[in-house]
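A.B. asks: Handing you this structure, nothing more for now.
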Amino acid sequence: MGDLWFRCRDASGRISVAFNVEQRLGVELRGTTWYDEAGRPAPWPVRVTVASGEHRAALSGQAHHDEARQASFVTADFPMGGPVLRNFTRSGRFEASAFGETAYTPVAPPELVARFIEACEP
């Protein structure tokens with residue numbers, strides 16, 4: 001599966017994760033907005049699971065149409081701290097899933113993950 005991207009959410013104490021999925025939700029473009037088969041505009045709500053090792057968390061996320069790939073990408077925010085993030089800092093392993101598809105990070109050196117987490121702290 002594809003890569004994961006992380007981003008600090010300003011000074012909110014939250015981190016965003018984004019990843020590609022093959023699931024295509026957008027079927028019709030009206031103006032600049034994509035709509036799904038039910039006529040709902042993007043972004044669409046989706047359940048995202050993030051995990052590191054045996055630690056998991058279910059999050060509310062959003063699916064967005066990816067016009068370049070004719071598929072979707074998923075985003076979700078999660079708070080700093082918690083067992084998933086702590087294990088990611090120790091192990092360098094992280095994954096996120098939606099629509100039955102899972103994206104993984106390459107194993108990151110724990111010191112690099114720790115520096116990223118520190119940079120995100122408000």
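The values are calculated or read from the model by the stated rules, or taken from the named source; none is laboratory data. Since this is a predicted model, take the numbers as computed values, not measurements. With ideal geometry, Cβ positions are generated from the backbone for all residues, glycine too; neighbour counts draw on all protein chains shown. With ligands, DNA and RNA removed, areas are computed over all heavy atoms of the protein, side chains included. Shrake-Rupley method; radii C 1.70, N 1.55, O 1.52, S 1.80 Å.
A.B. asks: Given H placed 1.01 Å from N in the peptide plane, which residues other than close sequence neighbours of Val46 have an amide H under 5 Å from its amide H?
C.D. replies: HN-HN under 5 Å from Val46: Gly61, Gln62, Ala63.
A.B. asks: Could I ask something else about it? Would you check the accessible area of Ser52, probe 1.4 Å, heavy atoms only, in square angstrom rounded to 10?
C.D. replies: Answer for Ser52: close to 0 Å² accessible.
A.B. asks: Still on this structure, please answer the following. With θ set to phi - 60°, apply the Karplus curve 6.51 cos²θ - 1.76 cosθ + 1.60 along the stretch 27-33 and write out the HN-Hα couplings as whole Hz, x wherever there is a Gly or Pro.
C.D. replies: 10, 9, 9, 10, x, 10, 10
A.B. asks: So, one more: Going from most exposed to least, what order do Glu111, Glu37 have by accessible area with a 1.4 Å probe? Intermediate values should be presented prior to the final figure.
C.D. replies: Values: Glu111 115, Glu37 170 Å².
Ranked from most to least accessible, the order is Glu37, Glu111.
A.B. asks: Let me ask something else. Please give the calculated 222 nm ellipticity per residue for the chain, where each DSSP H segment of at least 4 residues contributes -39500 (n - 2.57) and the sum is spread over every residue; nearest 500 deg cm²/dmol? Could the numbers behind the result be given before it?
C.D. replies: Numbers: 2 runs with 21 residues, N = 122.
Per the formula, -5000 deg cm²/dmol.
A.B. asks: For the stretch 29-82, just list the percent of Cα-Cα distances falling in each 10 Å bin from zero outward, please.
C.D. replies: 21, 43, 24, 11, 1
A.B. asks: Calculate, for Ala68 and Phe116, the FRET efficiency according to 1/(1 + (r/R0)^6) with r their C-beta to C-beta distance and R0 30 Å; round to the nearest 0.05.
C.D. replies: Working: r = 27 Å, r/R0 = 0.89.
The computed FRET efficiency comes out at 0.65.
A.B. asks: Follow-up. In the stretch 1-57, how does Rg compare with the Kirkwood Rh, expressed as the Rg/Rh ratio over alpha carbon atoms? Mind showing how you got there, number by number?
C.D. replies: Working: Rg = 14.8 Å, Rh = 14.0 Å.
Result for the stretch 1-57 is an Rg/Rh of 1.05.
A.B. asks: How large a share of the accessible area of the chain, in percent, is made up of carbon and sulfur atoms when the probe is 1.4 Å and the other protein chains stay in place? Before the final figure, lay out the partial values.
C.D. replies: Values: 3470 of 6870 Å².
Here it works out to 51 percent.
A.B. asks: Give the span of the stretch 37-115's Cα atoms along each principal axis, as three whole-Å numbers ordered largest to smallest.
C.D. replies: Cα extents, longest axis first: 44, 24, 21 Å.
A.B. asks: Ordering Glu95, Glu28, Glu22, Glu54 from largest to smallest accessible area (1.4 angstrom probe), what's the sequence?
C.D. replies: Descending order: Glu54, Glu22, Glu28, Glu95.
A.B. asks: Note down, for the stretch 70-122, the three equivalent ellipsoid semi-axes (square root of 5 times each alpha carbon gyration tensor eigenvalue), biggest first, whole angstrom.
C.D. replies: Working from the Cα gyration tensor, I get semi-axes of 22, 13, 10 Å.
A.B. asks: What's the extension gain from Arg14 to Arg86 if we count 0.36 nm per residue and subtract their Cα-Cα distance?
C.D. replies: That pair, Arg14 and Arg86, stretches by 24.5 nm at full extension.
A.B. asks: Oh, and also: How high is the relative contact order of the chain, in percent, counting Cα pairs under 8 Å that sit 6 or more residues apart?
C.D. replies: 29
A.B. asks: In a GNM of the chain with a 10 Å cut-off on Cα contacts, which of Ala58, Ala76, Ala38 has the highest mean-square fluctuation?
C.D. replies: Ala38
A.B. asks: If you take every residue apart from Asp36 with its C-beta less than 11 Å away from the C-beta of Asp36, what net charge results, scoring Lys and Arg +1 and Asp and Glu -1?
C.D. replies: With Lys, Arg at +1 and Asp, Glu at -1, the neighbours total 0.
A.B. asks: Taking springs between alpha-carbon atoms closer than 10 angstrom, which of Leu85, Leu112, Leu59 fluctuates most in the Gaussian network model of the chain?
C.D. replies: Among Leu85, Leu112, Leu59, the largest mean-square fluctuation in the Gaussian network model of the chain belongs to Leu112.
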